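First up is the structure itself, then whatever we jot down about it.
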Amino acid sequence: MKASVNWQNGLKFIGMGPSGHSIHMDADSSQGGNDSGMRPMEMIALGLIGCQAMDVLSILQKKRQDVTQFEVRFNGPRSPEFPKVFTSAVVTFVISGRQVDENAVLRSIELAATKYCPAQAMFERAFSIDLKYEIYEDEDGGNKHLVYEGIWQNTMV
């Protein structure tokens, strides 16, 4: 893959990958930027959970799960000293739907984590990544309630 970033002004860059889509990056004002774009470390976190999200949702859809909402959350502490890398991460898959099968969710997370998501494969070599899930049942009137939650355990290690 080839990608590039082009300097605009201050610490603002526009990045472009082979898809042709661009993203604005900038630092906050305390670092000399204008706060007009995402930070590179934010993009790393989003790259990881975006990869996982696409894989897990695609697998759930193939398993004919009735998913009505899907969110993936990242919580990653960073070292206090430079280069301030992620030291670990907790990724939580939040799934809402109708009669979503917990085993289908677990299998989808497993396949994404161990087979399909290259970001997961790359970053788990650098820091530990815990994968959690919450499954909510949609009810009449737009309400929902938690029916399952847990942690996916990699039994292949």
Criterion first (open to solvent by 60 Å² or more (accessible area, probe 1.4 Å) and of a type in the set (A, V, I, L, M)) does Leu46 satisfy it? yes
Restricting to segment 121-133, name every residue that is in a strand (DSSP E or B), farther than 15 Å from Ala104 by Cα and open to solvent by 50 Å² or more (accessible area, probe 1.4 Å). Ser128, Asp130
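Residue-by-condition table, conditions (1) open to solvent by 20 Å² or more (accessible area, probe 1.4 Å); (2) free of Cβ contacts under 8 Å to residues at least 60 places away in the same chain; (3) within 15 Å of Gln65 (Cα to Cα):
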residue	(1), (2), (3)
Phe86	yes, yes, no
Phe93	no, yes, yes
Val100	no, yes, yes
Ala113	no, no, no
Ile135	no, yes, yes
Asp140	yes, yes, no
Leu146	yes, yes, no
Ile151	yes, yes, no
Among (1) among the hydrophobic types (A, V, I, L, M, F, W, C); (2) out of contact with any helix residue (DSSP H, G or I) (no Cβ under 8 Å at 6 or more places or on another chain); (3) crowded, with 16+ Cβ neighbours inside 10 Å, there is one condition Val56 misses while meeting the rest; what is its number? (2)
Filter segment 24-42 down to residues that are of a type outside the set (D, E, K, R) and either free of Cβ contacts under 8 Å to residues at least 12 places away in the same chain or open to solvent by 60 Å² or more (accessible area, probe 1.4 Å) (or both), then give me how many there are. 6
Quick one: which residue in Leu60, Leu48, Leu106, Leu111 is part of a helix (DSSP H, G or I) and under 29 Å from Met16 (Cβ atoms)? Leu48
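For Ala89, state whether it is within 16 Å of Ala119 (Cβ to Cβ), within 21 Å of the chain's Cα centre (by Cα) and not in a helix (DSSP H, G or I).
Judged against the criteria, Ala89 is a match.
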Count of residues meeting criterion [of a type in the set (S, T, N, Q) and open to solvent by less than 80 Å² (accessible area, probe 1.4 Å)] in segment 10-23: 1
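The values are calculated or read from the model by the stated rules, or taken from the named source; none is laboratory data. What you see is a predicted model; the values in this text were computed from it and never measured. For neighbour counting, all protein chains shown are included, and Cβ atoms are generated from backbone atoms with ideal geometry for every residue, glycine included. Quick note on the areas: whole protein, heavy atoms, side chains included, nothing else; ligands and nucleic acids left out. Shrake-Rupley method; radii C 1.70, N 1.55, O 1.52, S 1.80 Å.
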